[in-house]
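The values are calculated or read from the model by the stated rules, or taken from the named source; none is laboratory data. Just so it is clear, the model here is predicted, and its values are computed rather than measured. Glycine gets a Cβ as well: all are built from the backbone with ideal geometry, and neighbour counts include every protein chain shown. Please note that ligands, DNA and RNA were not included when accessible areas were found on the heavy atoms of the full protein model with its side chains. Shrake-Rupley method; radii C 1.70, N 1.55, O 1.52, S 1.80 Å.
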Amino acid sequence: MKPSFKKRVQCIQTAFLLCAIAVGVGLVWTTLGNPESREAAAAETAQRTYLRGTIYDRDGKAINYSEEVNGTRKYTGGRAFSTVTGYFSRIYGTTGIEKTFNTELVSSKCKGDTKKGHDITLTLDRDLQNAAYDSISNIAEGAAVVLDAQTGEILALASTPTYEPETLEDNWSELCSVDGLFLPNAYKSTFAPGSDFKIITACAVIDNGVADTTVNDQGSYTFKNGQTITNYDSRAFGEIDLDGAIKNSSNVYFITKALEMGSDKLEASLRKFLLGEDIQLDFTTLSSNLDFEDYRDEVVGSIAFGQGKTEVTPLYMAMAAQAIGNDGVMLKPYMIQSIDTGDGKNVTTGQTTELTTVTSKETADQVTSAMTLAAEHYGFDYVGPEGWDIAAKTGTAQTGTNTNAWIVTFAPSENPKYVVVVMAAHQGHDGIYYKDSVDQLYDALVDYDQSQNSSSNSSNSDE
C-alpha cells in the first residue's frame with residue numbers, strides 16, 4: 001500500500017472514530033446529562049413498574065384510573081372533565097393533570113409490595129363540573145368557572161370544545177383538526193373581556209378619587225384623533241354616576257374617567273390585579289395581557305371598558321370577581337386538594353393562600369353594591385332557600401364580526417360564598433344572552449351548598 005493511500009485510510013478511520021465518540025458523548029448527555037431526558041427516562045421506567053395513580057374528585061370519586069401496570073387508562077368523567085384531567089396515552093402522551101403530575105402518578109415511595117403511583121384528589125366536585133359543562137355544552141367555544149369565594153378552591157372548570165377521552169386514540173386525527181381542543185378555554189386561552197372588565201376599572205376610578213362627579217353621557221365619545229366610541233346600541237344615559245355606569249354599562253363614563261385620572265394611575269391600579277403577569281397556580285400558569293402601547297388617549301380609553309389589547313382567561317375574571325367580593329383580597333385559586341402515596345400517606349394538602357390585595361374594603365364594597373344593582377337590572381332573582389342576592393356584570397367584547405360574551409357573578413353579594421363566570425367566545429350574542437347558563441349553575445350550587453352544610457352538621461354531631 002502506498003504511503004499516501006495508507007495515510008488517507010488512517011485519516012478516514014480517525015474521522016469515523018471521532019464521529020463515534022461524538023455520538024456516544026451525545027447519547028450519554030441525552031440520557032444522563034440532560035435533566036429533562038433523565039426525568040423522562042425515569043418516568044418511563046416507573047411507568048412499567050408502578051400502577052398509575054388515580055385522579056379523584058373532592059369526594060373521592062375516581063375520574064381517571066388504571067387497572068393494571070402500563071395498561072389502558074380508564075375515564076369516568078367523560079367530556080366534562082377531559083379538558084382538565086386530560087388523557088394518558090402510550091401513543092400520544094399526556095395532557096392536563098395527567099401531564100402536569102405525570103411524575104407523581106407513575107411513582108411513589110410505597111412500603112412493602114405495593115407498587116402504585118401517587119393518587120391525586122382535586123377540589124372539583126363531580127356534580128358541579130357536570131353542571132358547568134352542561135351549561136355551556138351548546139356553545140362551540142365556551143367556558144364556565146365556579147370558585148369557592150372564601151377558600152379559593154376551584155369547584156368547576158369546564159371548557160368547550162372538548163372530547164371523549166375513552167375514544168381519543170381511535171379519533172386522534174379528527175380531534176387534531178379541531179382548533180383549540182387541547183388549549184382549554186377556561187384557563188389557557190385568553191380573550192378580550194369587554195364590559196365585565198369595568199368592575200376592575202371601577203376600583204381604579206374610586207381609588208384615584210375621580211368617582212365623586214358624574215359624566216354627561218350622550219352615547220358616544222370622540223377622541224382627539226377623530227375616533228369615536230359608542231355605547232352598546234349607541235344608547236345615551238345623560239348625567240350618570242358610577243352605579244349607573246356599571247348598571248347600564250356606559251363606555252362613555254369609563255373612557256371619561258380613565259382620561260381624567262390619567263394613564264399612569266389607571267395602569268398602576270390595574271397592575272394591582274396582577275394583569276399582564278404570569279400567575280403560577282398548582283396545576284397551570286395563568287396568563288393575561290395588558291398593553292397600553294404608547295399611551296394614546298384612544299388606547300387608554302379602550303382599555304378602560306375592556307377592549308384594546310387587553311386579554312384574560314375566564315379563570316382570571318373569576319379571581320378578579322372573588323377579590324372584589326372578598327374585601328379587596330385576591331386568593332390564589334387551587335385545584336389540588338391532596339396528593340397521597342400509593343399506600344395512603346399524605347404528602348401534599350392544598351390550602352387557602354392570599355395572593356395580593358387589589359383594593360381597599362371600602363372600594364370593594366362600593367363596586368359590589370353597583371354590581372348588585374346591575375344584577376337586579378339583568379333580572380337575576382334571589383337564589384335558593386336562603387335568598388342569596390347576586391352581584392353581576394355582563395360583557396360583550398367586539399372582535400371583528402363576532403363577539404366574546406361574558407357574565408361575571410358572585411353570591412351572596414354581601415358575603416360571597418361562590419363565584420360563577422360564564423364565557424362564550426366568537427358568538428353572535430351579547431353577555432346577557434347567557435344568563436340562563438348562570439342560573440343553571442346557581443341551581444346546582446344551591447344543592448352543593450346544602451350538601452356541604454349537611455355534611456358539616458353531621459360531623460359536628462358526631463364529635
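At-a-glance table
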read-out	value
Förster-model FRET efficiency, 22 Å R0, GLU414 and ASP447, C-beta, rounded to 0.05	0.50
Distance violations [Cα-Cα > 24 Å] among LYS188/LYS361; LYS198/LYS265; LYS74/LYS435	LYS188/LYS361; LYS74/LYS435
Long-range amide H partners of LYS417 with built H, under 5 Å	ALA411
Simple label model, 7 Å out from Cα along Cβ direction - ALA140 to THR167, nm	2.1
In Hz, Karplus ³J(HN,Hα) per residue of segment 429-446 (6.51, -1.76, 1.60; θ = phi - 60°; x = Gly, Pro)	10, 8, x, 5, 4, 9, 4, 4, 5, 5, 4, 4, 6, 5, 4, 5, 5, 4
In range of the label at THR213: residues from segment 250-272 whose backbone nitrogen is under 13 Å from the point 7 Å along Cα→Cβ	256-262
Modelled FRET efficiency - R0 41 Å, ASP59 with GLU362, Cβ distances, 0.05 increments	0.60
The chain - mean residue ellipticity at 222 nm from DSSP helices (-39,500 (n - 2.57) per run, n ≥ 4, rounded to 500)	-11500 deg cm²/dmol
THR103-SER220 FRET efficiency (beta carbon distance; Förster radius 56 Å; 0.05 resolution)	0.50
Gain in span if fully extended, ASN248 to THR230, counting 0.36 nm per residue against the direct Cα distance	5.2 nm
Relative contact order of the chain, pairs being alpha-carbon contacts under 8 Å that are 6 or more residues apart, as %	16
On Cα atoms only, tilt of 126-136 relative to the major axis of the chain in degrees	60
For segment 54-61, 3J(HN,Hα) per residue [Karplus equation, 6.51 cos²θ - 1.76 cosθ + 1.60, θ = phi - 60°, Hz, x = Gly/Pro]	9, 9, 10, 7, 5, 9, x, 8
Euclidean distance of C-alpha centroids, segment 188-237 and segment 90-133, integer Å	44
Between segment 291-305 and segment 252-281, the Cα center-to-center distance that results, in Å	10
Per-residue HN-Hα couplings for segment 322-328 [Karplus 6.51, -1.76, 1.60; θ = phi - 60°; Hz; x = Gly/Pro]	4, 5, 5, x, 9, 6, x
Modelled label reach - VAL347, point 7 Å along Cα→Cβ, segment 107-151 residues with backbone N closer than 18 Å	107-122
Rounded accessible area per residue of the chain, 1.4 Å, Å²	45
The chain - percent of accessible surface contributed by carbon and sulfur, probe 1.4 Å	48
